[in-house]
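Here the structure is laid out as structure tokens; the discussion comes afterwards.
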Amino acid sequence: MKQRRHSTTRGFAQASGLLQSRIRSASEARGFAVTRLLTHWAEIVGADTARIARPVKIGYGRDGLGATLTLLTTGAHAPMLSMQAESIRERVNACYGYRAISKVRITQTAPTGFAEGQAEFAPAPQAAPVAPDPEVKARAARTAEGVGDTELRLALEALAANVLSKRRN
């Protein structure tokens with residue numbers, strides 16, 4: 001008699017599994033058949049190269065003999081990046097597992113990005129936590145006042161403080 005296996009997830013699915021099809025379709029629209037190239041770019045080409053360039057598109061020519069990887073970088077870094085193009089191509093092909101990329105094209109932009117300055121290559125600095133308003137903190141404490149479990153009360157206070165501070169702004 002076979003014993004039934006019970007699921008430990010109780011009907012819940014991992015968020016990565018829910019988003020995988022949407023991520024795949026969005027990346028395939030730009031030619032990225034393997035999303036790992038986008039998500040692990042720094043590991044594939046190295047931190048120094050990832051800091052100055054990002055993959056934008058993979059285009060396939062009419063003849064079908066390899067694809068062209070388009071990288072976005074600032075004008076000052078383009079000459080250095082063009083010298084590394086062969087190394088980048090080899091590393092990307094190693095990620096794919098075969099010679100998918102035959103050419104690396106480098107596209108330049110202004111140091112701060114496009115018209116609105118949105119093409120920053122460095123990660124954004126973390127914002128410093130803002131101290132909650134004492135009035136909001138007191139109202140949040142009154143909201144969770146009757147809860148006996150300490151951990152639950154503190155969690156409810158934090159939730160109430162977040163909700164109340166969002167309403168003020």
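The values are calculated or read from the model by the stated rules, or taken from the named source; none is laboratory data. These numbers were taken from a predicted model, which means no experiment stands behind them. Every residue, glycine among them, receives a Cβ derived from its backbone with ideal geometry; neighbour counts consider all protein chains shown.
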Single condition Gly64 does not satisfy, out of (1) modelled with pLDDT under 85; (2) in contact with a strand residue (DSSP E or B) (Cβ under 6 Å, 6 or more places away or on another chain):
(2)
With the requirement that a residue be in a loop (DSSP other than H, G, I, E, B) and in contact with a helix residue (DSSP H, G or I) (Cβ under 7 Å, 6 or more places away or on another chain), what does the range 47-82 give you?
His77
Between residues in the range 72-89 that are within 17 Å of Glu43 (Cα to Cα) and residues that are among the basic types (Lys, Arg), which pairs lie under 8 Å by C-beta distance while being six or more apart or on different chains?
Arg89/Lys103
Screening Tyr96, Tyr60 for residues that are within 19 Å of Ala42 (Cβ to Cβ), among the hydroxyl-bearing types (Ser, Thr, Tyr) and either in contact (Cβ under 8 Å) with a residue 60 or more places away in the chain or surrounded by fewer than 17 Cβ atoms within 10 Å (Cβ to Cβ) (or both) leaves only Tyr96
